[in-house]
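Below you'll find the structure, written out as structure tokens, and then a few comments.
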């Protein structure tokens, strides 16, 4: 009796290389076939995941926008190092240190120049047209020496040396009105002429900014001592190491000051707003809540997908597929929903940030690192939600095929 010949094709359709029975030579993944069977439901599910992604995108953007806005002034400082009082924990606190500390730092051979910077958080601005008092931050510095580098500020540097003059931040809140060069206003009850505009923008603490020469600063704030400064920017000579010069200054000067790089000062400002203010904690909690809500909604999406395809999963178990393979089908679907929902969520998030930046004038930037972080959170959200759904398919009985 001759053995019956078996064609390679029929053999391949009966078994798989991993020992599992085949699916009739079908090359389309099972997870995709299940999704294609209900395209309308899949579209609704993707929109739900996109909403969850947008929710996390917005909360993360608001939190990081807080940091971006609070550090914009720090980035504009000239030099490589910044000196502040050891008792000063953020830019909004008016704690000063002796001006002599900057002159002592200037004696080091690696230091080429020092720039005293004055900050007053509670200047009273009164527009001649509106007759309304507004609180404004006032920055006093020798602009012509390059103490602060802001777009548009250098054009008015020579005029800022005149008495009772200032440059106004044109990105200040809308309620300040149109303050252009030539505008006459009042600052702390004294007349001031606006001789230029620069761009900085408000933040979560200050609605507007005004820059003037240091000599003018003390006219409007006579309670401030010229012998003391709020911050000091230090320029280093070419080739000098900021970290090494920083240590030398700390060792050679009294212990009443801190010396930081601009990056370190920005991080210190971020830590203050995250740990010591309600705004940072609210945004952090909101991000966590958005992530949890996303997991719950994602679970509902994946659970419905599993529930509607329960007979297909029972068939897979009946023909011998392993639990690992069946679980991979659910995880693949979860990964698909995460990636598919992330794309519209990120696009809508970018549009939202652009709109908020134009209306609020806060700095809310969309960077590749932040998009990557939201992507990880979105995919992790879907995969975590799928874990509970996997338990359902692993205990499905093939008898359900007949129900």
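No value in this document is a laboratory result; all are computed from the given coordinates. Nothing here was measured: the structure is a model prediction, and the numbers come from that model. Note that each Cβ is placed from the backbone with ideal geometry, even for glycine, and that neighbours are counted across all protein chains shown.
Structure above, values below:
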read-out: With Cα atoms, 0 to 90° folded angle of helix 242-252 axis to the chain main axis; value: 50 degrees
read-out: Inter-part distance where segment 249-268 and segment 167-189 are each reduced to a Cα centre, Å; value: 34 Å
read-out: Ordering of 108-114, 159-165, 274-280 by packing [mean C-beta count within 10 Å, highest first]; value: 108-114, 159-165, 274-280
read-out: Theoretical FRET efficiency, 1/(1+(r/R0)^6), r = Cβ-Cβ of residue 128 and residue 225, R0 35 Å, to 0.05; value: 0.70
read-out: Most fluctuating residue given options 377, 35, 73, as computed from a GNM of the chain linking Cα atoms under 10 Å; value: 35
read-out: Added length on full extension, which subtracts the Cα-Cα distance from 0.36 nm per residue, residue 205 to residue 271; value: 22.2 nm
read-out: Estimated distance in nm for a label pair at residue 215 and residue 36, the labels positioned 7 Å out from Cα along Cα-to-Cβ; value: 7.9 nm
read-out: Distance (nanometres) between label positions extended 7 Å along Cα→Cβ at residue 318 and residue 162; value: 9.1 nm
read-out: Protection proxy ranking of 121-132, 195-206 - average other beta-carbon atoms within 10 Å, highest first; value: 195-206, 121-132
read-out: 45, 363 arranged by Cβ crowding within 10 Å, fewest neighbours leading; value: 363, 45
read-out: The chain: angle of helix 278-308 to the longest principal axis, Cα-based, in degrees nearest 10; value: 10 degrees
read-out: Reciprocal mean inverse distance between Cα atoms of the chain - Kirkwood radius, Å; value: 25.8 Å
read-out: Taking the chain and dividing mean pair separation by its residue count, relative contact order in percent (alpha carbons under 8 Å, at least six apart); value: 25 percent
read-out: Centroid-to-centroid separation of segment 52-77 and segment 290-366 [C-alpha atoms, Å]; value: 25 Å
read-out: Proxy reagent accessibility, fewest Cβ within 10 Å first, across 262, 251, 86; value: 251, 86, 262
read-out: Computed [θ] at 222 nm, deg cm²/dmol, the chain (DSSP H ≥ 4; -39,500 (n - 2.57); rounded to nearest 500); value: -16500 deg cm²/dmol
read-out: Tilt relative to the chain, helix 39-76 - C-alpha long axis, 0 to 90 degrees, to 10; value: 20 degrees
read-out: Beta bridges by DSSP in segment 87-255, antiparallel share as percent, to the nearest 5; value: 75 percent
